[in-house]
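The values are calculated or read from the model by the stated rules, or taken from the named source; none is laboratory data. As the structure is a computational prediction, the values presented were derived from the model and not from experiment. Reconstructed Cβ throughout: ideal geometry from the backbone, glycine too, with neighbour counts over all protein chains shown. For accessibility, only protein heavy atoms count, side chains too; no ligands or nucleic acids. Shrake-Rupley method; radii C 1.70, N 1.55, O 1.52, S 1.80 Å.
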Amino acid sequence: MATETLTLDQKTIDTVKATVPALQEHGTKITKHFYKTMFKNHPELKNIFNQTNQRKGDQQKALANTVLAAAMYIDNLGAILPVVKQIGEKHRSLNIKPEHYPIVGENLLIAIKEVLGDAATDDIMTAWEKAYGVIADVFISIEKEMYEEVANKKGGWVDYRDFKVVEKVKESDVITSFYLQPVDGGEIATFLPGQYITVKAEIEDQPYNHLRQYSLSCAPGQNYYRISVKREDAIGDNPAGIVSNFLHKRLEKGSVLPISAPGGDFVLDLKDTRPLVLISGGVGLTPMMSMLETVIKEQPEREVYYIHAARNGKLHAMKARVDEITRNHSQVKSYTVYDNPVEGDQFDKEGYIDYEWLRTILPTNDAAFYFCGPKGFMRAMYQNLTKFGANESDIHFEIFGPADDITN
Ligand SMILES: Cc1cc2nc3c(=O)[nH]c(=O)nc-3n(C[C@H](O)[C@H](O)[C@H](O)COP(=O)(O)OP(=O)(O)OC[C@H]3O[C@@H](n4cnc5c(N)ncnc54)[C@H](O)[C@@H]3O)c2cc1C
Ligand code: HEM
């Protein structure tokens with residue numbers, strides 16, 4: 001990393017750093033302009049970028065703002081390596097290639113010029129062009145390693161590979177599981193519990209493909225992958241979710257679905273032997289189920305606390321399996337929390353997972369904590385766990401959407 005930054009002279013570094021704050025101040029203007037011109041010049045990229053995130057404005061900030069944030073570390077990019085790796089996992093899963101980087105660079109420069117106006121001198125524009133090149137090289141080289149890893153892995157592959165649905169199982173009123181095996185009949189790559197795949201939905205009446213991530217909800221080591229998908233229904237003015245409805249309504253046993261190889265950095269650390277605390281809300285149970293199924297096999301002695309929150313029993317997927325695990329493994333304790341129970345529901349707490357209740361359940365804060373669920377839920381869990389005294393480094397979570405800060 002240090003060697004790439006050596007190619008930048010001090011004047012370039014100083015110029016870039018001096019202009020970052022002004023650009024960050026106009027973050028929204030930059031990102032709007034950036035995506036508008038990029039999709040106008042390269043409409044084919046609508047096949048890659050999540051167009052719903054674009055409409056909702058969720059993703060708009062992430063890409064361009066990360067380039068600006070990275071520019072502040074332009075002389076020490078090693079400091080942001082963990083972030084680059086996390087984004088790199090998403091990029092690799094989406095099949096982002098080196099040839100895409102100049103397109104983003106060109107349109108980002110156009111947006112920067114637009115925002116800075118007359119202040120965008122030739123010197124400033126040249127400095128930004130060089131800086132973007134260096135940042136892009138860091139991403140490209142890290143992603144190259146990731147592509148090599150999935151290509152060389154037993155059963156691994158690059159790009160999308162056709163899988164067929166071998167089983168479709170309704171898990172609750174809104175969640176359905178799809179068991180997937182490769183059409184080519186070959187082996188499939190193993191994965192780490194917590195990782196996701198990207199599915200490419202090629203929907204007949206849609207002008208573009210839609211890519212979405214789904215966490216694997218089974219343990220590794222099977223001859224199939226399993227994803228469990230929540231059907232996002234239309235609510236008020238918000239239309240029904242495109243891909244989840246396509247999967248629920250049009251994907252049947254025998255249907256083919258192209259997917260990318262598993263990836264992601266939200267993974268269970270099996271070297272840690274301390275108690276494991278898994279907490280999920282709604283469909284956030286998918287990576288937790290993979291972790292739970294794995295830990296009981298790989299670390300049968302490890303204490304596990306699994307807490308799941310759902311509206312009620314009708315929307316609670318995989319309860320029977322968790323009950324079975326709890327019955328057969330005395331080291332596993334599981335708790336169910338419903339905020340809107342219906343008649344006949346069996347649960348441990350009504351309402352939400354709050355701090356006061358959590359501290360009566362968990363024996364120690366010297367544990368590994370993993371959680372996943374809707375954003376509001378995740379913010380609350382983060383606060384509960386920090387209040388409980390959990391170490392920052394022991395708290396792990398996955399956001400089922402564009403990167404966001406749930407820690408404040
Ligand atoms: C790492 C990762 C793992 C994931 N794992 C899972 C998993 O295991 N299971 C799972 O079910 N999901 C998972 N997801 C979420 C999944 O990728 C999809 O985002 C989800 O299925 C919704 O996609 P969709 O195409 O159905 O909905 P989209 O069409 O993307 O819409 C999403 C939501 O936005 C609303 N919406 C649409 N347009 C607008 C608008 N203009 N204004 C306001 N709201 C709007 C829709 O009503 C819908 O509720 C994961 C996501 C990530 C990033
Ligand atoms: C140095 C350049 C780049 C930076 C700093 C960057 C940064 C980011 C960040 C921060 C995210 C959000 C990650 C997350 O949600 O977890 C992201 C996602 C994404 N990036 Fe990049 N990116 C860069 C280049 C590219 C390129 C070249 C492409 C392809 C043209 C691309 C396509 C995407 C897509 C499709 C997503 C998923 C988000 C969505 O579809 O809504 N990125 N990137």
- If every Lys and Arg gets +1 and every Asp and Glu gets -1 at its Cβ, then about the Cα centre the stretch 289-408 yields a dipole, in debye to the nearest 20, of 200
- Query: Counting only protein heavy atoms and using a 1.4 Å probe, what share of the accessible area of the chain belongs to carbon plus sulfur, as a whole percent?
  - Reply: 50
- Could you give me the percent of Cα pairs per 5 Å distance bin for the stretch 182-328, shortest bin first, beginning at zero and ending with the bin that holds the maximum distance? 2, 8, 16, 19, 19, 15, 11, 6, 2, 1, 0
- Note on the structure: Expected unfolding gain across Asn76-Glu44 under the 0.36 nm per residue rule, minus the alpha-carbon gap, is 8.1 nm
- How much accessible surface area, in Å² rounded to 10, belongs to the heavy atoms of Thr52 with a 1.4 Å probe? 40
- Query: Under 16 Å Cα-Cα from Lys170, which lysines qualify once same-chain neighbours fewer than 8 residues away are excluded?
  - Reply: Lys230, Lys249, Lys253, Lys314, Lys319
- Mind giving me the nanometre distance, one decimal, between the label points for Tyr224 and Thr37, set 7 Å out from Cα along Cα→Cβ? 4.9
- Query: Of Tyr101, Tyr214, Val267, whose Cα points farthest to the positive end of the dipole of the chain (charges on the beta-carbon: +1 Lys, Arg; -1 Asp, Glu; origin at the Cα centre)?
  - Reply: Tyr214
- Return the single residue from Ser93, Ser393, Ser290 with maximal mean-square fluctuation; model: Gaussian network over the chain, springs between Cα atoms under 10 Å. Ser393
- Message: Contact order normalised by length for the stretch 62-195, with contacts defined as Cα pairs under 8 Å and 6 or more residues apart; what percent is it?
- Response: 21
- Query: Roughly how big is the stretch 182-322's charge dipole about its Cα centre, with Cβ charges of +1 (Lys, Arg) and -1 (Asp, Glu), in debye to the nearest 20?
  - Reply: 460
- With the Cα gyration tensor of the chain giving a ≥ b ≥ c as the square roots of its eigenvalues, does the rule (a/c under 1.5 for rounded; else a/b larger than b/c for prolate; else oblate) give rounded, prolate or oblate? prolate
- Separation between Cα centres of the stretch 96-173 and the stretch 302-371, rounded to whole Å: 39
- Under 29 Å from the Cα of Lys36 - lysines, other chains or at least 8 residues apart: Lys17, Lys46, Lys56, Lys61, Lys85, Lys90, Lys97, Lys113, Lys130, Lys144, Lys200, Lys375
- Message: List residues of the stretch 179-208, by number, whose backbone nitrogen lies under 20 Å from a label position 7 Å along Cα→C-beta of Arg250.
- Response: 179-181, 183, 198-208
- Item | For Thr336, solvent-accessible area (1.4 Å; no DNA, RNA or ligand), Å² | 10
- If you take the alpha carbon radius of gyration of the stretch 1-150 and divide it by 2.2 N^0.38 Å, what ratio comes out, to two decimals? 1.01
- Message: Nearest 500 deg cm²/dmol is fine: what mean residue ellipticity at 222 nm does the chain get from its DSSP H runs of n ≥ 4 alone, each adding -39,500 (n - 2.57), divided by its residue count?
- Response: -13000 deg cm²/dmol
- Could you rank Val283, Val183, Val277 by how accessible they are, 1.4 Å probe, largest area first? Val183, Val283, Val277
- Would you mind working out the magnitude of the charge dipole of the chain relative to its Cα centre, with +1 at each Lys and Arg C-beta and -1 at each Asp and Glu C-beta, to the nearest 20 Debye? 800
- Note on the structure: the chain: antiparallel bridges as % of DSSP beta bridges, rounded to 5, reads 55
- Just by accessible area at a 1.4 angstrom probe, what is the order of Asp339, Asp237, Asp122 from largest to smallest? Asp237, Asp122, Asp339
- Message: At 15 angstrom or more along the helix axis (alpha-carbon based) and mean Kyte-Doolittle of 0.5 or higher, what helices does the chain contain? Whole DSSP H runs only.
- Response: 60-72, 101-116, 285-298
- First check a/c for the stretch 103-148, with a ≥ b ≥ c the square roots of the eigenvalues of its C-alpha gyration tensor; if it is under 1.5, answer rounded, and if not, answer prolate when a/b is larger than b/c or oblate otherwise. prolate
- Item | Whole-number percent relative contact order across the stretch 7-97, with pairs defined as alpha carbons under 8 Å at least 6 apart | 36
- Message: Once ligands and nucleic acids are excluded and a 1.4 Å probe is used, how much of Val150 is accessible, expressed in Å² to the nearest 10?
- Response: 10
- Item | Relative contact order, percent, the stretch 256-408 [alpha-carbon distance under 8 Å, six or more residues apart] | 25
- Task: Provide the per residue accessible area, probe 1.4 Å, for the stretch 41-161, rounded to a whole number of square angstrom.
- Result: 48
- Item | Residue-normalised accessible area of the stretch 267-358, given per residue in Å² at a 1.4 Å probe | 45
- Label point distance in nm, Asn391-Lys97, each placed 7 Å from Cα along Cα→Cβ: 4.3
- Task: Give the ranking of Tyr73, Tyr35 by solvent-accessible surface, highest area first, calculated with a 1.4 Å probe.
- Result: Tyr73, Tyr35
